[in-house]
Amino acid sequence: MYNFFIDDVQLPIAPASMSMKINNNNQTIVLMNEGEVNILKKPGLTEVDFEILLPNVQYPFAVYPNGFQPAAFYLNKLEKLKISQEPFPFIVNRMRPDGSLLFDTDNDMLFSLEEYTIEEDAENGFDVNVKINLKQWRPYGTNRVDVTNKSSKKEAIVISKKQRPTISKRTSKIYTVKQGDTLWAIAKKYLGDGSKYTELAKLNNISNPNVIKVGQVIKLG
């Protein structure tokens, strides 16, 4: 079983396949006496491609954590993400039939919505098919250099000022439960107050706040 989250929205049906490519930034050069060598550099940005079915009919095999939503609801979310020009978390977790977690993606990794294609086919009935391309986003900033001339001694003073990142890194709004977690501890770590576990329980429709499962995805706000 797969669970797919884009920002704080869970997609109702997991795609049949997904491609996640970690791009290469290594560089090979030829040295006069050594031949070809490989200069290792930090990996490039990760790219994710997948195709998703957005249903306009309520299917028993689909997931609706907050009730059934038509395809237009998810298309509107994609449009807002594209227009906002802000990064967002993309989380995938895979679970065994018994509910135990097989793997999940890095909750701290942020992505941008590069492009998406909406396709309608008579074979899909009223449902909508969407091809989505995401690219990893990394925070970055700039340095400003101020040069001041002292007229008396003709000296130049260089002051380097680090600017704030062009976009502040967003805190993930979703957390995947791991072994040993409690709702109180999650509220303490991410909301700064353990007593807010009742708010998390209400937000995630958890009837018993003392019972959460490994692999369960918790909305933080």
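Summary table
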| read-out | value |
| --- | --- |
| Test: residue in region 16-35 that is among the small types (Gly, Ala, Ser) and under 15 Å from Leu134 (Cα atoms) | yes |
| Single unsatisfied condition, Gln163 versus (1) out of contact with any Gly (no Cβ under 8 Å at 6 or more places or on another chain); (2) at pLDDT below 65 | (1) |
| Of all residues in region 25-67 being among the hydrophobic types (A, V, I, L, M, F, W, C) and free of Cβ contacts under 8 Å to residues at least 12 places away in the same chain, the one that is farthest from Ile91 (Cα to Cα) | Met32 |
| Residues that are of a type in the set (A, V, I, L, M, F, W, C) and either touching a residue at least 60 places away in the same chain (Cβ under 8 Å) or loosely packed, with under 12 Cβ neighbours inside 10 Å (or both), drawn from region 209-221 | Val211, Val214, Val217 |
| Scan of region 190-208 for residues that are surrounded by fewer than 17 Cβ atoms within 10 Å (Cβ to Cβ), touching a residue at least 12 places away in the same chain (Cβ under 8 Å) and part of a loop (DSSP other than H, G, I, E, B), ordered by number | Asn205 |
| Residue match in region 70-77 (condition: in contact (Cβ under 8 Å) with a residue 40 or more places away in the chain and at positive phi) | no |
| Residue ranges of strands (runs of 3 or more DSSP E) in region 1-119 with at least 1 members among the basic types (Lys, Arg) | 18-22, 88-95 |
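The values are calculated or read from the model by the stated rules, or taken from the named source; none is laboratory data. It should be emphasised that the depicted structure is a prediction, and the values quoted were computed from it without experimental measurement. Virtual Cβ from ideal backbone geometry, glycine too; neighbours counted across all protein chains shown.
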